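Participant: There's a structure below that I have some questions on.
The values are calculated or read from the model by the stated rules, or taken from the named source; none is laboratory data. Computed from a predicted model, the values in this text were never measured in an experiment. Every residue, glycine among them, receives a Cβ derived from its backbone with ideal geometry; neighbour counts consider all protein chains shown.
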Amino acid sequence: MSPRGNNRDDPRVAALAAAFDRRTANAAARPGGRTADPARPPTPPDDVGLIGRPTAQRTEILQALADCQEFISAQLLHAGLLAAGSRVGLSTVYRTLTALAAVGRADVVRDANGERLFRYRPDDDHRHYLLCRACGISIPVDAGPVETWADHMARTSGFADVQHTVELTGICTGCTTAARAGN
Ligand SMILES: [Zn+2]
Ligand SMILES: [Zn+2]
């Protein structure tokens, strides 16, 4: 992960800004309409309604998270939104992401610095990921045994609303190769 405070150099910020620009241009071309980009279907409004009143800023944050398609910190997502001309505040981004996680529309892991990273979850099925501590790439992993165990504990413990968090991190093949080449 890149250190904090250096967001402008992160390629994800530029990518987010570009995606945001495309949507804004599309929306402007169709007055009163949502995005017309067929490659990026608009986020179902239901999703933003899950966390309260569907304000423009919440919709903007949710759409940016969905566009990102990987784990991202609130700070980085905020930087991407600002780079795209948004005026949303960091605390709003953080609150929205936390709320999305609470209603099951975002998966959350922590990076090596303990910072929370969020990834849009398009359906009710939560997923587990293997996250690279060096570059932040994430791949979904099969967590069948974890789910079976968690279901069993929930059924037999007497606890209600049992939830679980499983975080797998490592160094991906690409980063391992790059590190070897650099030595
Ligand atoms: Zn990596
Ligand atoms: Zn699970």
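Participant: Looking at GLY182, is it out of contact with any His (no Cβ under 7 Å at 6 or more places or on another chain), exposed (fewer than 13 other Cβ atoms within 10 Å of the Cβ), at pLDDT below 85 and not polar (S, T, N, Q)?
Facilitator: yes
Participant: Let me ask something additional. Using the structure shown, decide if GLY158 is on the phi > 0 side of the Ramachandran plot, away from ligand 2 (no atom under 15 Å from the Cβ), loosely packed, with under 10 Cβ neighbours inside 10 Å and outside the structural domain of PHE71 (by TED's automatic domain parsing).
Facilitator: Yes, satisfied.
Participant: Counting just the residues of the stretch 109-150 that are of a type in the set (A, V, I, L, M) and farther than 22 Å from CYS175 by Cβ, which one comes out surrounded by the fewest Cβ atoms within 10 Å (Cβ to Cβ)?
Facilitator: Checking each candidate, the answer is VAL146.
Participant: Name the residues in the stretch 134-155 that are closer than 22 Å to ALA106 by Cα, outside any loop (DSSP other than H, G, I, E, B) and more than 12 Å from ligand 2 (Cβ to nearest atom), would you?
Facilitator: Scanning the stretch 134-155 gives SER138, ILE139.
Participant: Here are the criteria: (1) more than 16 Å from ligand 1 (Cβ to nearest atom); (2) within 13 Å of the chain's Cα centre (by Cα); (3) not in a helix (DSSP H, G or I). Tell me which single one ALA101 does not satisfy.
Facilitator: Going through the list (1) more than 16 Å from ligand 1 (Cβ to nearest atom); (2) within 13 Å of the chain's Cα centre (by Cα); (3) not in a helix (DSSP H, G or I), ALA101 breaks only (3).
Results for (1) at pLDDT below 90; (2) under 19 Å from HIS126 (Cβ atoms); (3) in the same structural domain as TYR94 (by TED's automatic domain parsing), shown as yes or no for each residue.
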{"site": "ARG34", "(1), (2), (3)": "yes, no, yes"}
{"site": "ARG40", "(1), (2), (3)": "yes, no, yes"}
{"site": "ASP46", "(1), (2), (3)": "yes, yes, yes"}
{"site": "LEU50", "(1), (2), (3)": "yes, yes, yes"}
{"site": "ALA64", "(1), (2), (3)": "no, no, yes"}
{"site": "GLU70", "(1), (2), (3)": "yes, yes, yes"}
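Participant: In this structure, does THR169 turn out to be away from ligand 1 (no atom under 16 Å from the Cβ), within 25 Å of ALA66 (Cβ to Cβ) and surrounded by 14 or more Cβ atoms within 10 Å (Cβ to Cβ)?
Facilitator: No: the conditions fail for THR169.
Participant: Which residues, counting only those in the stretch 61-97, are farther than 17 Å from ARG116 by Cα and surrounded by fewer than 22 Cβ atoms within 10 Å (Cβ to Cβ)?
Facilitator: Residues satisfying the conditions are ASP67, LEU82, ALA83, ALA84, GLY85, SER86, ARG87, VAL88, GLY89.
Participant: Does LEU97 satisfy the condition of being of a type outside the set (Val, Ile, Thr), away from ligand 2 (no atom under 16 Å from the Cβ), out of contact with any Gly (no Cβ under 8 Å at 6 or more places or on another chain) and in contact (Cβ under 8 Å) with a residue 60 or more places away in the chain?
Facilitator: Criteria not met by LEU97.
Participant: Look through ASP107, ASP151 and report the one residue that is outside the structural domain of ALA64 (by TED's automatic domain parsing) and charged (D, E, K, R).
Facilitator: The conditions single out ASP151.
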